[in-house]
Amino acid sequence: MMTCFLNRALSDRVKWLALLFALGVQFFSGNILAQGYSGSGIIPKPAVEMKHSGSFAIQKTTRLHISGSTPLSTAFFDQYLKDVSGFTLSRSREPVPKGINLMVDTRLKLKSERYLLDVSRQGITIKAIDEKGLFYGLQSLVQLIRKKGKIITVPAYHIQDEPRFAYRGMHLDVARHLFSVQSIKKWLDVLAFYKINTFHWHLTDDQGWRIEIKKYPLLQSVSAYRDETLIGHKRANPHRFDGKRYGGYYTQEEVKEIVAYASARQITTIPEIEMPGHAQAVLAAYPNLGCTGGPYQTATYWGVFDDVFCAGNEETFQFLEGVLDEVIPLFPSAYIHIGGDECPKNRWHNCPKCQKRIKAGHLKDEHELQSYFIARMERYLNAKGKKIIGWDEILEGGLAPDATVMSWRGLEGGIAAAKQQHEVIMTPEKFLYLDYYQSLNKTEQVAAGGYLPLKKVYEYEPMPAELNAAEQQYIKGVQANVWSEYLSDASKAEYMIFPRVIALAEIAWSAKASKNYPDFLARLQANGRFLKHLNYSTAFYDITGESVNEAKAFALSTDLPNAEIRYTLNDKKPGLSSIKYSVPIPITKSSTVKAQLFIAGKPVGKMFEQVIVKSMATGKKVTLTHSGEGNYNIGAQRLTNGIQGSYVYNNGEWLGLSGGDFEAMVDLGEEKTIHEVGINTLNYQWQKMHPPKLLLVEVSTDQQVYKEVSRQTVFSVEGINAALHKITPAKARYVRIKASNIEIIPNGFYGAGTKAWLMLDEIIVN
Ligand code: ACM
Ligand code: ZN
């Protein structure tokens with residue numbers, strides 16, 4: 001019997017998923033059983049997998065042969081086999097009949113990284129033209145291992161597999177918080193297991209310099225340390241600090257150790273040495289490299305800082321070249337990342353040296369000065385045989401001739417670079433920044449902001465539709481970025497990285513046509529057996545809720561097909577005897593919905609909780625003078641859906657206007673006497689979100705004559721301004737709310753001089 005999963009009927013797939021889910025809890029507890037489970041379960045999904053009948057039994061006496069010139073790390077395979085069986089396999093120099101043979105075969109018409117994996121009753125073979133392919137075949141083999149009682153088997157399969165993208169990366173910021181060599185190795189193991197092949201190591205930033213450079217000892221003694229660290233989220237006002245010196249760096253020996261460890265797992269390590277911005281830690285040690293001469297200190301909180309490398313000072317270039325001279329030999333990678341992001345230009349604007357350089361070089365402005373900076377460093381690195389990567393700001397003022405662009409602020413940078421025939425790595429913040437929240441649950445650890453659930457990572461399509469076939473060739477791959485401002489220890493980092501980076505692995509490796517989120521979730525659950533040693537998030541079990549039917553009901557949903565949801569409206573914790581959810585829950589008064597997911601009678605994931613506030617405005621028709629914009633064009637009716645926006649500003653509740661004013665009119669449907677009015681606004685300056693200058697509420701009975709009933713000019717210094725105003729009782733059918741935008745962000749705030757967002761949610765009328 002042979003079944004090709006690519007061609008399976010949908011109904012078959014649904015049955016298969018149901019079966020898999022029925023076994024999910026067992027998989028999750030690590031008790032992986034082959035019974036009845038017919039999918040390979042491999043992540044990332046292989047290009048072609050065909051199941052045959054029978055299986056191969058791995059026994060203590062089974063031998064392993066690996067051909068090829070360079071040693072191949074089998075550590076993950078050895079460890080997993082040992083965990084499930086208690087034994088490891090002995091090696092054979094010669095191919096083994098009835099054994100496991102990994103063979104480099106250069107006669108095969110395969111590309112690098114491709115592999116063929118065949119499992120039959122007679123044995124297992126993995127073939128590839130290089131060690132990369134063998135390594136990836138071996139990772140797939142590990143995922144095929146099943147345990148039934150004491151018997152270890154591998155179901156018979158023919159797998160042909162190859163990556164969609166050549167570059168499959170994860171970035172890790174170690175400047176804001178450091179992680180031990182041991183932790184990094186542990187994560188590299190998992191990245192390699194899911195066929196990620198690039199580790200982008202963000203080694204320098206305002207808050208700390210993390211790589212030993214022998215020529216500049218003050219980098220180790222000064223730049224690697226900060227006096228203290230911000231407590232809590234940077235949006236908090238005023239800032240509070242812990243008073244504890246923090247820091248450290250990786251010695252060159254440790255760097256070599258990590259690079260070699262990654263390399264043995266087919267992972268290339270690309271170092272990032274930031275320039276010309278994010279340089280404050282360097283300036284603390286070498287103030288002559290800044291435009292003002294200082295004094296400077298290693299930053300103690302998070303953000304974008306004005307003090308950057310002086311682009312008019314030759315010593316800056318000498319310093320950076322000296323640094324790179326020591327970095328280059330540590331990293332065999334063809335690429336060095338030189339940052340280029342978030343470099344404010346105001347110091348350059350006021351610096352005689354920088355202005356002199358602009359004039360002498362016939363540069364138009366400070367953006368062209370940044371291009372000069374990057375292009376000059378590119379020439380230096382090219383001469384040493386290295387290519388550069390930079391964040392998408394390196395497009396401004398003109399791209400350096402051979403630079404690869406990492407598109408992080410959106411898709412636009414990547415699209416523009418590909419159109420200019422530059423290579424591109426897609427890392428858009430909205431889809432691939434793992435410092436965003438992955439859950440809306442209030443118990444989540446503090447995160448940078450924004451909402452990026454596993455599903456949104458998985459559903460991101462890296463190839464921009466705007467590019468034609470020729471331009472698409474320049475999209476080399478895709479990467480998830482892990483910024484560590486709020487990751488003060490390895491456990492917090494693991495929680496943010498896993499499992500979202502596994503979704504990244506699949507979108508980077510697997511064919512677009514095979515994308516299927518429920519299928520991925522099923523395989524992910526089964527993969528729990530490989531993740532037990534990690535503090536990974538199970539936010540994919542989150543129940544999601546939505547106000548429906550003009551806010552008269554509340555709908556709950558889950559991405560897990562065979563799970564059940566049970567809920568309460570009486571504030572009690574939902575259990576197995578609570579009401580089973582089947583249709584949207586009628587909501588007749590202000591309520592709190594609490595809900596829990598159950599699989600096979602066991603609670604999984606965190607409890608869902610949503611407060612629904614009913615007022616006279618809830619569910620009533622809203623007319624907007626201007627729709628929301630960009631990500632915050634959420635539709636007028638969200639303003640009266642009973643759900644109030646939270647700090648997770650992009651979860652679809654906040655309506656936002658960039659630079660412009662807000663005006664909404666609610667029709668209460670009939671004339672009523674009202675006593676209270678309000679609308680929440682969001683003051684989150686790090687997201688360029690500012691409270692209005694003025695918030696007015698007016699009422700009318702005929703839509704002709706309006707009377708002002710409330711006026712507010714003072715708002716909370718930060719956070720959600722949720723003032724509800726008592727008014728002199730007034731008769732009203734129409735309630736009009738006007739909020740005026742401060743328009744341009746004032747000096748002293750993040751994004752000064754650019755348009756401010758005005759954010760509003762939930763109109764309340766009582
Ligand atoms: C970045 O997130 N500043 C690249
Ligand atoms: Zn300068």
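Quick look at the numbers
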| read-out | value |
| --- | --- |
| Residues of the stretch 144-169 satisfying the condition of being farther than 14 Å from residue 58 by Cα, not in a strand (DSSP E or B) and not small (Gly, Ala, Ser) | 162, 163, 164, 165 |
| Matching option when the condition is more than 16 Å from ligand 2 (Cβ to nearest atom) and at negative phi, among 428, 352 | 428 |
| The lone exception for residue 316 - which of (1) more than 16 Å from ligand 1 (Cβ to nearest atom); (2) part of a helix (DSSP H, G or I); (3) in contact (Cβ under 8 Å) with a residue 60 or more places away in the chain it fails | (3) |
| Boolean, residue 409 is under 25 Å from residue 306 (Cα atoms), away from ligand 2 (no atom under 16 Å from the Cβ) and either free of Cβ contacts under 8 Å to residues at least 12 places away in the same chain or among the basic types (Lys, Arg) (or both) | yes |
| Filter result for residue 630 (within 28 Å of the chain's Cα centre (by Cα) and open to solvent by 40 Å² or more (accessible area, probe 1.4 Å)) | yes |
| Candidate set: the stretch 60-94, residues that are assigned to a loop (DSSP other than H, G, I, E, B) and surrounded by 15 or more Cβ atoms within 10 Å (Cβ to Cβ); chosen: the one farthest from the chain's Cα centre (by Cα) | 62 |
| Only one of 106, 153 that is of a type in the set (Val, Ile, Thr) and under 23 Å from residue 41 (Cβ atoms) | 153 |
| Index of the failed condition, residue 718 passing every other in (1) open to solvent by less than 30 Å² (accessible area, probe 1.4 Å); (2) in contact with a helix residue (DSSP H, G or I) (Cβ under 9 Å, 6 or more places away or on another chain) | (1) |
| Unmet requirement for residue 333, which otherwise passes all of (1) more than 16 Å from ligand 1 (Cβ to nearest atom); (2) open to solvent by 40 Å² or more (accessible area, probe 1.4 Å); (3) assigned to a loop (DSSP other than H, G, I, E, B) | (2) |
| Index of the failed condition, residue 678 passing every other in (1) more than 30 Å from residue 456 (Cβ to Cβ); (2) at pLDDT 95 or above | (2) |
| Residue count for the stretch 372-400, restricted to those that are open to solvent by less than 60 Å² (accessible area, probe 1.4 Å), under 25 Å from the mean Cα position of the chain (by Cα) and either farther than 22 Å from residue 171 by Cα or free of Cβ contacts under 8 Å to residues at least 40 places away in the same chain (or both) | 1 |
| The one condition in (1) more than 16 Å from ligand 2 (Cβ to nearest atom); (2) open to solvent by 20 Å² or more (accessible area, probe 1.4 Å); (3) within 17 Å of residue 224 (Cβ to Cβ); (4) touching an Asp or Glu at 6+ places or on another chain (Cβ under 7 Å) that residue 326 fails to fulfil | (4) |
| Search result, residues across the stretch 653-684 that are within 28 Å of residue 450 (Cα to Cα) and open to solvent by 40 Å² or more (accessible area, probe 1.4 Å) | 661, 663 |
| Qualifying position, being away from ligand 2 (no atom under 16 Å from the Cβ) and either open to solvent by 10 Å² or more (accessible area, probe 1.4 Å) or under 28 Å from the mean Cα position of the chain (by Cα) (or both), among 308, 304 | 304 |
| Of residues in the stretch 346-360 being in contact with a Leu (Cβ under 8 Å, 6 or more places away or on another chain) and open to solvent by less than 40 Å² (accessible area, probe 1.4 Å), the one farthest from ligand 1 (Cβ to nearest atom) | 358 |
| Hits in the stretch 283-313 (condition: under 30 Å from residue 186 (Cβ atoms) and in contact with a helix residue (DSSP H, G or I) (Cβ under 6 Å, 6 or more places away or on another chain)) | 298, 299 |
| Top-ranked residue of the stretch 311-323 - restricted to ones that are farther than 11 Å from residue 275 by Cβ and surrounded by 15 or more Cβ atoms within 10 Å (Cβ to Cβ), ranked as nearest to ligand 2 (Cβ to nearest atom) | 312 |
| For residue 518: the one exception among (1) open to solvent by 10 Å² or more (accessible area, probe 1.4 Å); (2) part of a loop (DSSP other than H, G, I, E, B) | (2) |
| Tally, over the stretch 179-237, of residues that are in a loop (DSSP other than H, G, I, E, B) and either over 19 Å from residue 336 (Cβ atoms) or not aliphatic (A, V, I, L, M) (or both) | 23 |
| Subset of the stretch 517-550 [of a type in the set (Val, Ile, Thr) and more than 21 Å from the chain's Cα centre (by Cα)] | 548 |
| Residue match in the stretch 274-295 (condition: touching a residue at least 60 places away in the same chain (Cβ under 8 Å), buried (at least 18 other Cβ atoms within 10 Å of the Cβ), over 14 Å from residue 208 (Cα atoms) and within 16 Å of ligand 2 (Cβ to nearest atom)) | yes |
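Condition check ((1) part of a strand (DSSP E or B); (2) touching a residue at least 40 places away in the same chain (Cβ under 8 Å); (3) open to solvent by 50 Å² or more (accessible area, probe 1.4 Å); (4) of a type outside the set (Phe, Trp, Tyr)) across all residues:
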residue: 695; (1), (2), (3), (4): yes, yes, no, yes
residue: 698; (1), (2), (3), (4): yes, yes, no, yes
residue: 703; (1), (2), (3), (4): no, no, yes, yes
residue: 751; (1), (2), (3), (4): no, yes, no, yes
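Residues are listed down the side, and each one gets a yes or a no for (1) aromatic (Phe, Trp, Tyr); (2) farther than 29 Å from residue 206 by Cα; (3) away from ligand 1 (no atom under 14 Å from the Cβ); (4) open to solvent by less than 30 Å² (accessible area, probe 1.4 Å):
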position	(1), (2), (3), (4)
402	no, no, yes, no
410	no, no, no, yes
417	no, no, yes, yes
423	no, no, yes, no
456	no, yes, yes, no
459	no, yes, yes, no
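The values are calculated or read from the model by the stated rules, or taken from the named source; none is laboratory data. What you see is a predicted model; the values in this text were computed from it and never measured. Because the Cβ atoms are built from the backbone with ideal geometry, glycine has one as well, and the counts that use them run over all protein chains shown. Remember, those area values only see protein heavy atoms, side chains included, never the ligands or the DNA or RNA. Shrake-Rupley method; radii C 1.70, N 1.55, O 1.52, S 1.80 Å.
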